[in-house]
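Colleague: Handing you this structure, nothing more for now.
Please treat every number below as a calculation from the coordinates, not as lab data. On a predicted model such as this, the values are computed, not experimentally measured, just so you know. A quick note on method: Cβ atoms are made from the backbone with ideal geometry, for glycine too, and the neighbour counts reach across all protein chains shown.
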Amino acid sequence: MPFYRSHILVCADPECLAKGAHDVVDALQDELVAQGLLDEIQVLETSRIGSCSDGPEMMVYPEGVHYVGMTADDVPFLVEEHFLKGRIVEKFREVHKAIVDEELGPLRPKEVRVVLRNCGEIDPMNIEDYLAVDGYQALGKVIGEMTPGQVIDEVTKSGLRGRGGAGFPAGRKWGLTRQVPGDIKYMVCNADEGDPGAFMNRRVLEGDPHSVIEGMIIGAYAVGASYGYIYCRAEYPLAVETLIVAIAQAREFGFLGNNILGTDFNFDLEVRVGAGAFVCGEETALMASIMGQRGEPRPRPPFPSVKGVWGKPSNNNNVETYANVPQIILKGADWYASMGTERSKGTKTFAVGGNVAKPGLIEVPMGITLREIIFDVAGGIKDGRTYKAVQTGGPMGGCLTEEHLDLPLDYEALTQAGSMMGSGGLVVMDDTSCMVDIARFFMDFTQAESCGKCTPCRVGTRRILELLQKICDGKGEHGDIEKLEELCHEVAKNSLCGLGQGAPNPVLSTLKHFRHEYEAHVYEKKCPAKVCRNLIHFEIQSPTCTGCMVCARNCPVEAISGERRQAHTIDINKCIRCGICMQVCNFNAVSVLS
Amino acid sequence: MPAIKSLEELKRVREEALAKKQMKATPGHIQVIVAMGTCGIAAGARDTMKSILNFIEAEKLSGVTVTQTGCMGMCEQEPIVQVIVGDSAKVTYGKVNPEVASQIMKQHVQLGMPLKDHVLPI
């Protein structure tokens, strides 16, 4: 293989080609042959370098010089100057632009990564990567320098609250489990993450599994547990695989098993895989599932701390709660408590979805406002539309509106406003979302996931869903809205577990803030956001329509007719209101009306 | 690897792991990291990874390690590939299909000049 002392990369992007890039390449080859340099200098065609508008352009290595605006005529001069005399030709040189796209700005302002500190930075399948970033040093500190009581005190002092949604103080839960007499106790990790659109736990399990394992081992030391279960939903096969590998590696290094770090502390872990039931995210149903029973919740007391898996004291915490523990031990409770509000300490991960410019996973300190999350961290509403509402807490949470945008992120503040923190799902809605339809969507989910054990939830959620469907279909009658409200209150009050208790929340909160939309559906048979199919119709605006026939060709039920270059019409009796005509029209001639 | 049985051993293992990690970031050595979380895989990261490994084999490159990592939270930009040349700053690329991956390998890894397109500002 010839050893080239220099490479010339000529941009062959269509724009540069149009400006004569191939002529430049040919001229280069000819000139290099003429000068006897073909064995030393390689000419390559490459993709877009960046300044095609000034093209043709090329990069010369190893100097990394960027030349633009050259023609075939300039080539002999360039070859002589640059390759024979070794002088860079300044007049063709492009001033180097910054690589950072200034339009995007820093990707995530205001983010603070505690739980997510290692995700995307380490190889999750290699425990040594985790060790290199102080992995398992917290465990060393705990076993070497602290008593179980001191560990519990530290976690309590930090103010860490359960990140699964309920927000129960983690330290206090550990303390309660420790107090219960017994030789056999269990640590349980809730990795079921069933909320639609929530994937915070998935990211941690796939990207930094050891942070969770280390947190569990520390917890086991504190409460006196000797075995643990990570209950991971089956819909996360990669997370399950990553956990299994990580547990095996941790065992190999002696962090799990007998005589951990040379002491008489024993602890081991296994992964239990779920089977698609949302209700198994509820801790008593989860524990039933671990024991091979049908995933159904049971009344409490007795709480799992007293009587959980196999009837033994069991401490259950969410993935994120455990993932915080090593950092709290290493950096101290005061450090953790310095972030957040008075009652909600630390950081929280959120999966921001919906109509925002930069959806994705973020981690922010508690106390940040919803406005900052939506408009600063997530880039605001996309396509220039207007903000309407945000759903927090998943299918058990409520909708918050414009008036709540300056609410600080805090467990109590969100509950008082009619929603909840939940596990961290945040769905942002703009003016194209119908709030009745949103409530129906969430109820559809929770109704399907109801385990059926208690009547209020089993029958109640179904009746609520039927009423919502009826209203969305344009068949709502006088009295339906009042009936809906009453039903929601009864189901919330009388259901056995959080699923039934929380299922009516989206309905109640949308009724509270957007009652006019419900009333429009029932009394005027209109959908203000133009979403509910039975209440909308599509119309082609004659002056704008050019008669290109694209909509007619794409209509799945052939409801559009019209001659070429004549305005088209939609037969509303055939139209199924799928909206395809509006999507394919290049002239914005199709409108949706209600 | 025999189990760690004391705090001194734990500290030593950490030093060794840190040293190994720093060794990868020395001049003459290039790290290519592919995000292989579920979002990445759904976007085609396995094909991207294959393209990178095939390139290395075909060009018989040495001094290049290819590793994987988890989700970075910018799931819309997947597949994501990061390149660290020696001890210089990490460059992160988004929407890296197998074709873009080959370009990155050719231009950035082989010839030392980062691409201007596809770069994510983090």
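Colleague: Among the lysines, select those whose C-alpha is under 18 Å from the C-alpha of A:Lys331, and discard any that sit fewer than 8 residues away in the same chain.
Modeller: A:Lys141, A:Lys157, A:Lys345, A:Lys348, B:Lys11
Colleague: Check B:Leu120: other-chain or 5+ apart residues with amide H under 5 Å from its amide H, H built from backbone geometry?
Modeller: Amide H to amide H, under 5 Å and 5 or more residues apart or across chains, B:Leu120 pairs with B:Thr92, B:Tyr93, B:Gly94.
Colleague: Just to be sure I understand the model, the point goes 7 Å from the Cα along the line to the Cβ. What's the resulting A:Trp310 to A:Glu482 distance in nm?
Modeller: 5.7
Colleague: Eigenvalues of the Cα gyration tensor times 5, then square-rooted: what semi-axes does that give for segment A:413-506, in whole angstrom, largest first?
Modeller: In descending order, the three semi-axes are 20, 19, 12 Å.
Colleague: To the nearest whole number, what is the average tally of beta carbon atoms from other chains within 10 Å of the beta carbons of peptide B:6-18?
Modeller: The shielding value for this peptide is 6.
Colleague: Report, for chain A, the % of DSSP beta bridges that are antiparallel, rounded to 5.
Modeller: 55
Colleague: Pop the C-beta distance of A:Ile244 and A:Arg515 into the FRET formula with R0 = 41 Å and round what comes out to the nearest 0.05.
Modeller: Efficiency computed from Cβ-Cβ geometry: 0.25.
Colleague: For chain A, what is the mean residue ellipticity at 222 nm derived from helices alone (per DSSP H run of n ≥ 4: -39500 (n - 2.57); sum divided by total residues; nearest 500 deg cm²/dmol)?
Modeller: On the way: 22 runs with 207 residues, N = 594.
Only helices count here, giving -10000 deg cm²/dmol.
Colleague: Also: Given Cβ point charges of +1 (Lys, Arg) and -1 (Asp, Glu) and nothing else, what value in debye, to the nearest 20, does the dipole of chain A about its Cα centre take?
Modeller: It works out to roughly 2900 debye.
Colleague: Here's something else I'd like to know. Could you pull out every residue, at least 5 positions away or on a different chain, whose amide H is within less than 5 Å of the one on A:Val356? Hs are placed 1.01 Å off N in the peptide plane, and Pro or chain starts have none.
Modeller: A:Lys382
Colleague: Here's another thing I want to ask about it. Taking 0.36 nm per residue of sequence separation and subtracting the Cα-Cα distance, how much length would be gained by fully extending the chain between A:Asp153 and A:Tyr523, in nm to one decimal?
Modeller: 127.4 nm
Colleague: Right, something else. Once a ≥ b ≥ c are taken as the square roots of the eigenvalues of the Cα gyration tensor of segment A:379-467, is the result rounded (a/c under 1.5), prolate (a/b larger than b/c) or oblate (a/b not larger than b/c)?
Modeller: Taking the square roots of the gyration eigenvalues as a ≥ b ≥ c, segment A:379-467 is oblate.
Colleague: So for the protein assembly as shown, taking the charge dipole from beta-carbon charges (+1 Lys/Arg, -1 Asp/Glu), which of A:Gln469, A:Phe77, A:Ala389 sits furthest toward the positive end?
Modeller: So the residue furthest toward the plus end is A:Gln469.
Colleague: While we're on this one: Show me, for segment B:73-86, the HN-Hα J-couplings you get by feeding each phi into the Karplus relation (A = 6.51, B = -1.76, C = 1.60, θ = phi - 60°), rounded to Hz, glycine and proline as x.
Modeller: x, 10, 4, 5, 8, 5, x, 10, 10, 10, 10, 10, 9, x
Colleague: Using the Cα gyration tensor of chain B, with a ≥ b ≥ c the square roots of its eigenvalues, what is the shape: rounded (a/c below 1.5), prolate (a/b larger than b/c) or oblate (neither)?
Modeller: prolate
Colleague: With θ taken as phi - 60° and the coefficients 6.51, -1.76 and 1.60, list the Karplus ³J(HN,Hα) couplings across segment A:419-424 in order, rounded to whole Hz; mark glycine and proline as x.
Modeller: Calculated HN-Hα couplings, in order: 10, 7, 5, x, 7, x Hz.
Colleague: Using Cα centres only, tell me the gap between segment A:350-416 and segment B:46-93 in whole Å.
Modeller: Cα centres, segment A:350-416 to segment B:46-93: 33 Å.
Colleague: Counting only residues 5 or more places away or on other chains, whose amide H sits under 5 Å from the amide H of A:Thr46 once H atoms are built in the peptide plane?
Modeller: Long-range HN contacts for A:Thr46: A:Val10, A:Cys11, A:Ala12.
Colleague: Neighbour counts of other C-beta atoms within 10 Å: give me B:Met105, A:Met366, A:Met435 arranged from fewest to most.
Modeller: A:Met366, B:Met105, A:Met435
Colleague: Quick one: if you stick a label point 7 Å off each Cα along the C-beta vector at A:Glu80 and A:Gln293, how many nm between them?
Modeller: 9.3
Colleague: Follow-up. Dividing the alpha-carbon radius of gyration of segment A:536-593 by 2.2 N^0.38 Å (N being the number of residues), what value is obtained?
Modeller: Numbers: Rg = 9.8 Å, N = 58, 2.2 N^0.38 = 10.3 Å.
So the Cα radius of gyration is 0.95 times the expected 2.2 N^0.38 Å.
Colleague: What are the ³J(HN,Hα) couplings of segment A:554-565, residue after residue, when phi is run through the Karplus curve with 6.51, -1.76, 1.60 and θ = phi - 60°? Round to Hz, x for glycine and proline.
Modeller: With coefficients 6.51, -1.76 and 1.60, one gets 8, 5, x, 10, 6, 8, 9, 10, x, 7, 4, 6 Hz.
Colleague: Among B:87-93, A:202-208, what's the highest-first ranking by average C-beta atoms within 10 angstrom per residue?
Modeller: Sorting B:87-93, A:202-208 by mean packing, highest first, produces A:202-208, B:87-93.
Colleague: Take the Cα gyration tensor of segment A:347-430, multiply each eigenvalue by 5, square-root it, and list the three semi-axes largest first, rounded to whole angstrom. Before the final figure, lay out the partial values.
Modeller: Values: eigenvalues 62, 36, 27 Å².
Result for segment A:347-430: semi-axes of 18, 13, 12 Å.
Colleague: Then there is this: Check cross-link reach from A:Lys483 to the lysines: straight Cα distance under 21 Å, and skip same-chain residues fewer than eight apart.
Modeller: A:Lys470, A:Lys475, A:Lys493, A:Lys512, A:Lys525, A:Lys526
Colleague: Another question, if that's okay. Rounding to the nearest 20 debye, state how big the charge dipole of segment B:25-120 is about its Cα centre with +1 on each Lys and Arg Cβ and -1 on each Asp and Glu Cβ.
Modeller: So the magnitude is around 80 debye.
Colleague: May I ask you to sort A:Ser561, A:Ser305 by Cβ crowding, counting other Cβ atoms within 10 Å and putting the fewest first?
Modeller: Ranked by crowding around the Cβ, least crowded first: A:Ser561, A:Ser305.
Colleague: Between segment A:247-314 and segment A:492-530, how far is it from one alpha carbon centroid to the other, in angstrom?
Modeller: When both Cα centres are located, 37 Å separates them.
Colleague: If packing is taken as the average number of other Cβ atoms within 10 Å across a peptide's residues, how do B:17-26, A:549-558 rank, most packed first?
Modeller: In decreasing order of mean packing, B:17-26, A:549-558 become A:549-558, B:17-26.
Colleague: Here's another thing I want to ask about it. In what sequence, highest mean first, do A:515-526, A:351-362, A:464-475 appear when ranked by Cβ atoms within 10 angstrom?
Modeller: In decreasing order of mean packing, A:515-526, A:351-362, A:464-475 become A:351-362, A:464-475, A:515-526.
Colleague: Segment A:295-370: D in µm²/s via Stokes-Einstein (Kirkwood Rh, Cα pairs, 37 °C, 0.692 mPa s)? Please report the intermediate quantities before stating the final value.
Modeller: On the way: Rh = 15.5 Å.
This corresponds to a translational diffusion coefficient of 212 µm²/s.
Colleague: Over segment A:117-275, what is the percentage of antiparallel beta bridges among all DSSP beta bridges, to the nearest 5?
Modeller: Working: 2 of 14 bridges.
Taking every DSSP beta bridge with both residues in segment A:117-275, the antiparallel ones total about 15 percent.
Colleague: Express the Stokes-Einstein translational diffusion coefficient of the protein assembly as shown in µm² s⁻¹, to the nearest whole number, given a Kirkwood radius over alpha-carbon pairs, 4 °C and a viscosity of 1.567 mPa s.
Modeller: 45
Colleague: Right, another one. Give me a single rounded figure for B:104-117: the average over its residues of other chain Cβ atoms within 10 Å of their Cβ.
Modeller: On the way: counts 0, 0, 4, 8, 0, 0, 2, 8, 4, 9, 2, 6, 10, 6.
For peptide B:104-117, the averaged partner shielding equals 4.
Colleague: Among A:Val142, A:Val33, A:Val223, pick out the residue whose Cα is farthest towards the positive end of the charge dipole of the protein assembly as shown, where Lys and Arg carry +1 and Asp and Glu carry -1 on C-beta, about the Cα centre.
Modeller: Result: A:Val223, furthest along the dipole toward the positive end.
Colleague: On to the next question. Which percent of Cα-Cα pairs in segment B:38-80 sits in each 5 Å bin, short to long?
Modeller: Spelled out bin by bin, segment B:38-80 gives 5, 22, 27, 19, 14, 10, 3 percent.
Colleague: Let a ≥ b ≥ c be the square roots of the eigenvalues of the Cα gyration tensor of segment A:127-337; is it rounded (a/c under 1.5), or, if not, prolate (a/b larger than b/c) or oblate? Spell out each step's value before the answer.
Modeller: Numbers: a/c = 1.41, a/b = 1.19, b/c = 1.19.
Here segment A:127-337 falls in the rounded category.
Colleague: Out of A:Ala529, A:Leu205, A:Pro109, whose Cα points farthest toward the positive end of the dipole of chain A (charges: +1 Lys, Arg; -1 Asp, Glu; placed on Cβ)?
Modeller: A:Ala529
Colleague: FRET efficiency for A:Glu63 and B:Ser88, Cβ-Cβ distance as r, R0 = 22 Å, nearest 0.05?
Modeller: 0.85
Colleague: Taking the Cα centre of segment A:435-524 as origin and charging only Cβ (+1 Lys, Arg; -1 Asp, Glu), how large is the dipole, in debye to the nearest 20?
Modeller: 420
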